[in-house]
Amino acid sequence: MRKLNIILIFILTASLFFAQNQRFTYEYSYKMDSLNKENVEKEMMNLDITKEGSNFYSALLLTKDSLFTAEVEKGKASQSVVIDMRKIKQAKVNFRVSKAYPGLETVYHSSINATNIAVKEQNKINWAIFPDTKSIEGFKVQKATTTFGGRNWIAWFTNDIHIQDGPYKFCGLPGLILNIEDEKGDHMFNLKGSQKLNYKPLLLNSKMKDVFLTNEKFNKLWNEYKKDPAKNIKLIHSSSEMSDTLFFDSNTGSPLTKQDLIKGKEQRARENFKKYNNYIEIELYK
């Protein structure tokens, strides 16, 4: 940990931040099953900061992106691109949050039933700042609290890093947020490191077109998906062009009927709904 302190103290100055790009890495600990709070999942998340804004996403997307880019370059030479996504460790956290400076306009990016969704945050985060201080990784941090997304949050920010940003949608404090968690301890972000960054937008994300929705329309679409998670498959396979198509299981190679595909999709969705029900923003996924 002392090595982290030395690196951060050396590079984290306000003038340096705005002269170059910076990546802050957080450990995200979360309890997605409200009936099994002993099960704590973790994922490393990147907060990439440039002069234009920030991008918060799972660090595993970088590995996926690098492999995808390498295969694309290889395909240019061979005129074909074959990517076996099963060999790539998949991110468990599938949301991304972007913020535009200087106004801190915040957009939540996710997907529902293979549709890329973007929701622009309409509510400004209102903070209460307290005199309480402590030390995190050698930095003096100060306490702040807010109510957001149906949860009460406790944050610790440092005035030593003059960036009004933080993990997920959290921003607007006088300095960078190093730690934030909800009062129940269900969702927690802890800063783990920082490095200089030769920033390039993620290839996989830059090629995606988002459908912008309001919070209300997002919630409606989410509940429609929960009611009928295989709706898209049913629509595709009801077309005459697909009536005689033979499908195969991607893992076993066994033949599948259209009914098998639909049943499998519904079963996997039900299992996920049961296990993953304790979202960061309760109001968004209610």
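Farthest toward the positive end of the dipole of the range 88-233, out of N94, F130, H162, is the Cα of N94, where the dipole comes from beta carbon charges about the Cα centre. Ranking D228, D165, D132 from most to least accessible surface, computed with a 1.4 Å probe over the protein chains only, gives D132, D228, D165. Once both labels are positioned 7 Å from their Cα atoms along Cα-to-Cβ, the gap between D210 and N123 label points is 1.9 nm.
Provide the gained length on full extension for the span L35 to K192, in nm with one decimal, where the gain is 0.36 nm per separating residue minus the Cα-Cα distance.
On the way: separation 157, 0.36 × 157 = 56.52 nm, distance 2.88 nm.
Stretched fully, the L35-K192 segment lengthens by 53.6 nm.
Sorted on the mean count of surrounding Cβ atoms within 10 Å across their residues, most packed first, peptides 270-279, 142-151, 53-62 read 53-62, 142-151, 270-279.
The values are calculated or read from the model by the stated rules, or taken from the named source; none is laboratory data. Quick caveat, the model's predicted, so the values are computed rather than measured. Don't worry about glycine lacking a Cβ; one is built from the backbone with ideal geometry, like all the others, and counts go over all protein chains shown. SASA here: full protein model, heavy atoms, side chains in, ligands and nucleic acids out. Shrake-Rupley method; radii C 1.70, N 1.55, O 1.52, S 1.80 Å.
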